[in-house]
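Undergrad: Below you will find the structure I want to go over with you.
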Amino acid sequence: MRTMFFSQAIDDSLAQAMADDPRIVLFGEDTPLLRRNLLVRFGPKRVRGAPISESAFLGAGVAAAMAGLRPVVEMYMVDFLGVCMDALL
């Protein structure tokens, strides 16, 4: 097993999953900057930035799932998950 940083493991896992399934989309605050390699490989339709509103991009992820996509929503601070519960429930 090779040694890598946690962020590289996330990138590698997302890249493999996105290559295997074209329905996977990635949402998150500053995601195109932080996951630039995924943006270059899969394009801006599958790697999307979001405004600084956790409930908005989590809601967009829920809507994408309802439309048949397989969204991955990246949230950088678990502290803001509580304000997103309306979209989840």
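The values are calculated or read from the model by the stated rules, or taken from the named source; none is laboratory data. This is a predicted model, so every value here is computed, not measured. Quick reminder, even Gly has a Cβ in these numbers, built from the backbone with ideal geometry, and neighbours come from all protein chains shown.
Undergrad: For region 42-89, enumerate the residues that are among the charged types (D, E, K, R), in a helix (DSSP H, G or I) and exposed (fewer than 13 other Cβ atoms within 10 Å of the Cβ).
TA: Initially, region 42-89 is screened for residues among the charged types (D, E, K, R), giving 45-46, 48, 54, 70, 74, 79, 86.
This time we only want the ones that are in a helix (DSSP H, G or I), so: 54, 79, 86.
The answer is ASP79, ASP86.
Undergrad: Here's another thing I want to ask about it. Across region 12-33, what is the number of residues that are closer than 22 Å to VAL62 by Cα and within 13 Å of the chain's Cα centre (by Cα)?
TA: So the count comes out to 15.
Undergrad: Using beta carbons and a limit of 7 Å, which pairs, at least six apart or on different chains, have the first residue in region 67-89 and within 14 Å of ILE52 (Cα to Cα) and the second one surrounded by 11 or more Cβ atoms within 10 Å (Cβ to Cβ) and of a type in the set (D, E, K, R)?
TA: If the second residue must be surrounded by 11 or more Cβ atoms within 10 Å (Cβ to Cβ) and of a type in the set (D, E, K, R), the pairs left are MET75/GLU54; TYR76/GLU29; PHE80/GLU54; VAL83/GLU54; CYS84/GLU54.
Undergrad: For residues that are of a type in the set (Val, Ile, Thr), closer than 14 Å to VAL72 by Cβ and at pLDDT 90 or above, scanning just region 10-41, find the one that is surrounded by the most Cβ atoms within 10 Å (Cβ to Cβ).
TA: VAL25
Undergrad: Given the residues LEU26, LEU38, which is the only one that is in contact with a strand residue (DSSP E or B) (Cβ under 8 Å, 6 or more places away or on another chain) and in a helix (DSSP H, G or I)?
TA: Being in contact with a strand residue (DSSP E or B) (Cβ under 8 Å, 6 or more places away or on another chain) and in a helix (DSSP H, G or I) holds for just one of LEU26, LEU38, which is LEU38.
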